[in-house]
1. Quick one: B:ARG124 ticks every box in (1) under 30 Å from B:LYS227 (Cα atoms); (2) buried (at least 16 other Cβ atoms within 10 Å of the Cβ); (3) in contact (Cβ under 8 Å) with a residue 24 or more places away in the chain bar one, so which box is it?
2. Being over 19 Å from B:GLY111 (Cα atoms), in contact with a strand residue (DSSP E or B) (Cβ under 9 Å, 6 or more places away or on another chain), modelled with pLDDT of 95 or more and within 14 Å of chain A (Cβ to nearest Cβ) is true for just one of B:GLY208, B:GLY203. Which residue is that?
3. Wholly within region B:139-220, which helices (runs of 4 or more DSSP H) include no fewer than the required count, namely at least 1 residues that are under 18 Å from the mean Cα position of the chain (by Cα) and of a type in the set (A, V, I, L, M, F, W, C)?
4. Need a quick list: helices (runs of 4 or more DSSP H) entirely within region A:145-254 having at least 2 residues that are more than 30 Å from A:SER93 (Cβ to Cβ).
5. Pairs, please: C-beta under 7 Å, at least 6 apart or cross-chain, first residue of a type in the set (Asp, Glu) and in region A:140-163, second part of a helix (DSSP H, G or I) and modelled with pLDDT of 95 or more?
6. Would you be able to tell me the number of residues in region B:147-171 that are of a type outside the set (A, V, I, L, M, F, W, C) and over 16 Å from B:PHE251 (Cβ atoms)?
7. Can you tell me which residues in region A:102-116 are assigned to a loop (DSSP other than H, G, I, E, B), facing another protein chain (nearest Cβ under 7 Å) and small (Gly, Ala, Ser)?
8. Considering each of A:GLY15, A:GLY52 in turn, give the residue that is at positive phi and in contact with a Lys or Arg (Cβ under 8 Å, 6 or more places away or on another chain).
Amino acid sequence: MTPVLEIDGLSGSYGSIVAVDDVSMRVAPGARHAVIGPNGAGKSTLFGLVTGALDAGSGRVLLDGRDISDLPEYARVRAGVTKTFQQPSLFLSLPVLDNVALAVQRAAGVGLRMLRPGHRYRNVHRTAVDHLAAAGLFERRRDPAGTLSHGERRQLDLAVALATNPRVLLLDEPTAGMSAAATAHFIELVVALAPRVTTVIVEHDLDLVFGVATHVTVLHQGAVLADGPPHLVRGSATVQQAYLGDGVVESLFY
Amino acid sequence: MTATISPARTSAHAAVRGGWAGRLRRVLPVATVLAVAVAPFGVTPPVSSALTRMCAFAVLVVGLDLLTGVAGLPSLGQAAPFGAGAYAAAIVATRLSPVAPLQLVAGAAAGGLLAAVIGWLAVRLRGINFLMITLALAELVHALANQWSSLTGGSNGLVGLPFIRIAPAGPPLVATGYVLWYVLAVSAACVAVVVVVSRSAFGRTLRGIRDNEGRMRALGYATFWPKYLVFCIAGVLAGVGGSLWVAQAQFVSPGSLNFEVSALALMAVVIGGRGTLYGPVLGAALVVLVRYELSPYLAGRGMLLLGGVFILVVYLLPKGLAGGRARRSA
């Protein structure tokens, strides 16, 4: 089966610091592919390189076998790769509904139309309302996004990303700062996305990762340390070493 | 459960919209236009001329509000397309025809073309850098108007323009009231166009760019194009404003391209309430009133008074005269 997303020898650096070093991975269609690793392993940078928000030093990104490495960020989104943000990135002065409608009207190709009032595009409006309802934010649709709580902003951020109609959705620490109930709701939502949307998840909560993921890639110091089905990765000695160190941990506590 | 909550909310909103505040907002623009239209029957010609200048300036300012308040691109160089429109209209008037709509088209085209050139460079920059490059390029255009004497009359400008006519066979509009009606009609139409654009899907795109351009790219928007488009639209409007200004003044000089014009226009946007469109129209009237009409009676200290007004507004009404009940984009 052709991978829906293939990363081939991708590298990226900030000045002289190499954050992602020759990373390759393949994401199968419909998978929930988790990327884990200690802080500073290069997970968020990898996402930036895949979406085109950051410039890759070398390597290729393929979507459905098509090389999208030379496309700018906005064109990769149109091709079907979208990411959510570690810190919710919203349009804070605009109503909640407009935040989603911006994504929908772009996907519908009417973002530059100047004559008809924005809310009179029935299909755009209806699709935006559907996305809001799925995120549980319908009641807040008229409020400025800036009045939402942190948890609600996370939900809206996800709704906005989904409204771009992605084939592959990159979720950057999606449950950080979420309540247990919101996390449970989020997991339901992500599970329901397959097989239409393939997800790649960066996450620190290992219980969540091993509960949800169908495939796990472990990054350590910018490189791939392990890659495979969850139960194999979990048992790997090298992974445990990367997370816990080699036995010197105990000495810290005595 | 949700079904019981949502209709209550919706009807509450409908009540607000249909209430006196909503009705006032719908009636006020019409009432303003009517009041200005009947003014020539009750006021002296100098007052009519002052109202005419306010209307012309308001077109420049409402375009700048679309650029600055709605799209979040604060320009300090709108004097350039304004002056280009003024010169284009004046050149048509002296060399070609006294027909006002022809001068209007020439002014709009000149403002739009100049903005198309400046914008190609400027909209790639953000914030203070955008402010600086628009200012620098406008100063360049100002210098050009001073130097290119064969076309612009140099520092003397172009004087003694003929009275405008609406049609080639029509009579010249000598009475100030007729000129006011012409300028009022064009500027009201321009404001209406800006309101339509601001409420459109494109207007929503502009607000998205203002709030968070990075996320707009992450939604698949090539943000250069909407920014470039709105810069050109603002340029066309500035050019129209320039041609209307000349229709009344019958005179143009490099003074129309001054930094002061750019600064006054931005000031009118801030005083009126950026992003509200009708607020800046008010701001434009206030700025013209103080700077051009009252200044002679204040021994030329109009700018001092305007500075005082500006400081008061910024401190007391940080969102401008139209603040508070501003902007509800649907």
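The values are calculated or read from the model by the stated rules, or taken from the named source; none is laboratory data. Remember, it's a predicted structure, so these values are computed and weren't measured experimentally. Positions of Cβ are backbone-derived with ideal geometry, glycine not excepted, and every protein chain shown enters the neighbour counts.
1. (2)
2. Matching residue, one of B:GLY208, B:GLY203: B:GLY203.
3. B:176-199, B:201-218
4. The qualifying helices (runs of 4 or more DSSP H) are A:180-193, A:206-212, A:230-235, A:237-244, A:249-253.
5. A:ASP143/A:VAL96
6. Matching residues across region B:147-171 total 7.
7. A:GLY111, the sole residue that qualifies.
8. One residue alone meets the criteria, A:GLY52.
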